[in-house]
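Colleague: Just passing along the structure, written as structure tokens.
Nothing in this text is a laboratory measurement; each read-out follows from the coordinates by a stated rule. As the structure is a prediction and not an experimental result, all values here were calculated from the model. Here Cβ is always computed from backbone atoms with ideal geometry, including for glycine, and neighbour counts include all displayed protein chains.
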Amino acid sequence: MASKTSSDSREPMNEQIILNTYGNMRSEINQIYSKITELEMEVSEHSLVIGAIQPLDPSRRCYRMVSGVLVERTIKDILPAVQRNKEGLEEVIARLNEALERKKKEISEFELKYKIKIKKADSETKEDTNQKEGSAQGVLVGPAS
């Protein structure tokens, strides 16, 4: 009988380990998503800067923030550096997207192996519809002249 209780206590432990592992995997995917979003915003900012300074005179002074220090340079010095940074960020985003796809594949294999299914609660679906309806709130349109 003692062996029966020890095997019973191991089964929930296995389930708990599986759930913890699954939660960690989902957390990693969320972290990758947020990092990709953050880097895409930086690429967008770099594109705005490039678009703003490209048509200007290359000998014109401009300022760039480097490690928290504002540095004065000319556009001809700054523009190539900003373009290189943008290209580097795009490469990192591409690598993160590859890692994201690997993680998604890994988590789907894990779900199949342990027969994990995610169900949405009724309260979550209600909240989602409320958010969609509320997303248009706060927009003011003046009278047509």
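Colleague: Kindly list the number of the only condition in (1) touching an Asp or Glu at 6+ places or on another chain (Cβ under 9 Å); (2) touching a residue at least 24 places away in the same chain (Cβ under 8 Å) that fails for ILE36.
Modeller: Here ILE36 clears every test but (1).
Colleague: Which one is nearest to LYS35 (Cα to Cα) among residues in the range 45-90 that are under 24 Å from the mean Cα position of the chain (by Cα) and polar (S, T, N, Q)?
Modeller: ASN85
Colleague: Go through the range 30-59 and give me each residue that's assigned to a loop (DSSP other than H, G, I, E, B) and surrounded by 11 or more Cβ atoms within 10 Å (Cβ to Cβ).
Modeller: If the condition is that a residue be assigned to a loop (DSSP other than H, G, I, E, B) and surrounded by 11 or more Cβ atoms within 10 Å (Cβ to Cβ), then GLN54, LEU56, PRO58 are the ones that fit.
Colleague: Still on this structure, please answer the following. Could you please give the count of residues in the range 34-70 that are within 14 Å of PRO80 (Cα to Cα) and small (Gly, Ala, Ser)?
Modeller: 4
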